[in-house]
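Shown next, in C-alpha cells, is the structure this report addresses.
Every number here is computed from the coordinates shown, using simple stated rules; none is lab data. The shown structure was predicted, so the numbers you read here are calculated from the model rather than taken from an experiment. Cβ placement follows ideal geometry from the backbone for every residue including glycine, while neighbour counts extend to all protein chains displayed.
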C-alpha cells in the first residue's frame, strides 16, 4: 500500500478538506470528464448528500462546488478572483470553465442540498450532471469526498481493494500495517522516514522530494504566520473572535521576564495551532495534515520543535514529514481520516498521531518508539466526536487543534522515556478507532445534529 507524502499533505483552501477542497476537486474532475466526452453541454447541476448537505453551508461546500464548476482548483486558488467569479455567476446564472464555453448554472436553482439519507458509498457524497438544451441529463457522475481532499467516483470507491493498490504501487516497503512497518524497519535497518523516502523515490527524484517537502513547510509556516498577525472576527455568523495574535503578542512580551510558569509552553503550542485553524476558518490557504479541520496540529508541533527544542534543525524537517505521512497513510488505509465517517478522532486524533510520530523521529526515536508515540496520541483521542457549532470549522475545532498538539508532544516525550515496548499496538488503536467510528451515531459525525452543535447557542 503506497500513499505519497504529497497525497497526505496537500496545499488547499479552508475551511474543510472534505467539504471544501473535495467538492472543488470533484467538480474539476467532472469538467475533465465533460471535456473528454462527445456531448455538448448546455447546463450543469449539482446535488449534495449526507454530511455535505447537513454542514455544507458552514463548510462552504456550496461555494466550492460553484467555483469548481467554474474551473477553480484548490492548489492555485486566488481568493480575490474567486469572489469576483462568485458574484458574476450568481448574477448571470452561468459558468464559463476553460475549454468548455458558457453553460447555464444558477446556484439557487441548480445546486441542491439533499437532507435525506446519505449516498451508499460514503457520508460525503455529491452528484454532478450535465444537461442539454432541453434540460435532459446527458452526463452524470457520483463522487465521494472521503476526507483529506481525496475524491473517488462511485465506481472507484466500489473497486478499491488491497490487491489493486499493491499492483499500482510497486514500492520497496509496501507496509500496510504498523506491524509490517516495524518488521521491515528491523529487517532493513532503516528508519520509518528512510523507508518512506525510498518508496517516494519510485515516483520522484530526491531533488523533487526535497523541493516538495520544503514547499509543504513553507505553506504551513506562511499560514501560521498570517494567523499570528491577523485579528478580527471570523466569518460565518458565530462572531468568533480570532485570538492567536493577541495570545502570541502576550507570550512574546512575557519572554525573558523569569516569571513564566513552565506550563506556559502549552500556550505556545496551542497558539501555533490556533493560528493555522483561524486562517483555515477564514478560508485561507492551508495544508491538509491530514485534513483541513486538523491542519494546525502537525505544523504547531514542528514550530514547537524548531523554536523551543535545543538542537532542532530544519535539515530534519523531511524526516518529520515523511514519518508523519507514513503514520497517516496507515490510519487512512485501515480506518479513516474523515470526520464524517469516524468523528473527530479520525481528524485531530490522526493528526496528533502523525505529529507525535514525526517529533519522536526527529528527537532520535527508534521505529518502535515512533510507533509507540503514534499509538499513545491516537489512543487518547478515541471516541472524539465531530460536532461543529453551526456547521462551521470554528467551535470546537480551533482550540481542539491546540490540545491535539499538546497531546502529540506529550505522547512523543512519553514514548522516548521507554524502549518502544508497550501494551497496545498502534494497529489495535487504529482498528478500535475504525470500530468506534462505525458505532458512533451519525449526529456526532460532522452533521451538526448533536453534541456541542445543539447544546451551544448558534448566535
Q) For the range 371-392, list residues with backbone N below 19 Å from a point placed 7 Å from the Cα of residue 413 toward its Cβ? A) 371-381
Q: Rounded to the nearest 0.05, what FRET efficiency do residue 421 and residue 158 give with R0 = 41 Å and r taken as the Cβ-Cβ distance? Could you check?
A: 0.50
**Q.** FRET efficiency, 1/(1 + (r/R0)^6) with R0 22 Å, evaluated for residue 136 and residue 78 via beta carbons
**A.** 0.05
Q | Rotationally averaged projected area of the range 376-459 (alpha carbon convex hull; nm²) | A | 6.1 nm²
Q: Round to a whole angstrom and tell me the spacing of the C-alpha centers of the range 340-372 and the range 59-129.
A: 35 Å
Q) Summing -39500 (n - 2.57) over the DSSP H runs of n ≥ 4 in the chain and dividing by its residue number, what mean residue ellipticity at 222 nm do you reach, to the nearest 500 deg cm²/dmol? A) -15500 deg cm²/dmol
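If contacts are Cα pairs under 8 angstrom and at least 6 residues apart, what is the relative contact order of the range 19-159 in percent?
This gives 35 percent for the range 19-159.
Arranged by the count of other C-beta atoms within 10 angstrom, fewest first, what order do 145, 270 take? Don't jump to the answer; show the numbers that get you there.
Working: 145 33, 270 24.
In increasing order of surrounding Cβ atoms, one gets 270, 145.
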Q.
I need the shape label for the range 199-345. Rule: rounded when a/c is under 1.5, else prolate if a/b > b/c, else oblate, with a, b, c from the alpha carbon gyration tensor.
A. oblate
Q. So between residue 246 and residue 309, what do we pick up on full extension, going 0.36 nm a residue minus the alpha carbon distance?
A. 20.3 nm
Q: Could you grab the relative contact order for the chain? Cα pairs under 8 Å, six or more apart, rounded to a whole percent.
A: 19 percent
Q: Using only Cα atoms, tell me the angle between helix 178-188 and the longest principal axis of the chain; keep it within 0 to 90° and round to the nearest 10.
A: 60 degrees
Q | Between the range 305-329 and the range 373-450, the alpha-carbon center distance in angstrom | A | 20 Å
Q) What is the fewest-to-most order of 274, 354, 181 by other Cβ atoms lying within 10 Å of their Cβ? A) 181, 274, 354
Q. Using the Cα gyration tensor of the range 137-289, with a ≥ b ≥ c the square roots of its eigenvalues, what is the shape: rounded (a/c below 1.5), prolate (a/b larger than b/c) or oblate (neither)?
A. oblate
Q | Highest-first arrangement of 238-244, 56-62, where packing means the average Cβ count within 10 Å | A | 56-62, 238-244
**Q.** Burial order of peptide ranges 206-217, 8-19 (average beta-carbon count within 10 Å, highest first)
**A.** 8-19, 206-217
(Q) Taking the Cα centroid of the range 274-301 and of the range 27-58, what is the distance between the two, rounded to the nearest whole Å? (A) 26 Å
Q) From the Cα gyration tensor of the range 19-159, with a ≥ b ≥ c the square roots of its eigenvalues, which class applies: rounded if a/c is under 1.5, or else prolate if a/b is larger than b/c, or else oblate? A) rounded
Q.
Antiparallel versus total DSSP beta bridges in the chain: what percent is that, nearest 5?
A. 80 percent
Q. Using a Förster distance of 51 Å, how high is the FRET efficiency between residue 112 and residue 214, based on the Cβ-Cβ distance and rounded to 0.05?
A. 0.75
